[in-house]
1. Determine the relative contact order of the chain: mean sequence separation of Cα pairs under 8 Å and six or more apart, normalised by residue count, in whole percent.
2. For the chain, what is the calculated [θ] at 222 nm in deg cm²/dmol (nearest 500), taking -39500 (n - 2.57) for each run of four or more DSSP H residues and dividing by its residue count?
3. Need one number for segment 92-216: average projected area of the convex hull over its C-alpha atoms, nm².
4. Could you work out which residue, out of 107, 172, 55, moves most in a Gaussian network model of the chain, that is, has the largest mean-square fluctuation with Cα springs under 10 Å?
5. Mean-square fluctuation check for the chain, GNM, Cα pairs under 10 Å: which of 37, 169, 76 is largest?
6. Tell me, what is the percent relative contact order of segment 96-165, built from C-alpha pairs under 8 Å that lie six or more residues apart?
7. Using only the Cα atoms of segment 2-94, build the gyration tensor, take square roots of its eigenvalues as a ≥ b ≥ c, and label the shape rounded, prolate or oblate: rounded if a/c is under 1.5, else prolate if a/b is larger than b/c, else oblate.
8. Rounded, prolate or oblate: which fits the chain, taking a ≥ b ≥ c as square roots of the Cα gyration tensor eigenvalues, rounded meaning a/c under 1.5, else prolate when a/b beats b/c?
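Throughout, read-outs are computed from the coordinates displayed, never taken from laboratory work. Predicted, not measured: the structure shown is a model, and the values here were computed from it.
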């Protein structure tokens, strides 16, 4: 099998990370979660008590970053980090920096089979020539319930109505922002992740298995 790239895009809380991890394990791909890179920067901004709208100081901050770690940590999923990440993800200079970091990581890591990369502009902007493009679709109320449960399980206080409101706002910002808005990438397969994960797996197997010539 030649080295390939699979892009996974979709709105907040659609299950991109879980799906990417599944694809990564099943086909032995390296998983890169682009959201973690934004959260890494957001975490630095939080720790240094910077204003997320302070372009001058944030540029100074990222200019001192040689390479962002793509490793995950549960603290990066906290709501206070999510809010900052949501703000800075709108800025072109920040998106350009993260996009370059992603390409650096893919180029640096020698992974024979390839990569599965999830985010909100992977197939539409960062890796337009991805071999397989997936777009994950889930009803907004289901996304809110899943996020609410995730936060409760992490020990955070969480109110469903507020989570739903936040996700609606996040969707609007993601879809209407000037820089790299959330869209269904050209040539992407739409995956419905509203039901059971088993149903989602079946959809993915049919698409990826066919594209990389693997029979199941």
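1. Rounded, it is 33 percent for the chain.
2. Calculated mean residue ellipticity at 222 nm is -16000 deg cm²/dmol.
3. Averaging across all directions leaves 9.7 nm² for the Cα convex hull.
4. Most flexible of the set in this elastic network: 107.
5. Sorting by GNM fluctuation, first place goes to 169.
6. Reported as a whole number, the value is 19 percent.
7. Cα axes put segment 2-94 in the prolate bin.
8. Judged from the Cα gyration tensor, the chain comes out oblate (a/c at least 1.5, b/c at or above a/b).
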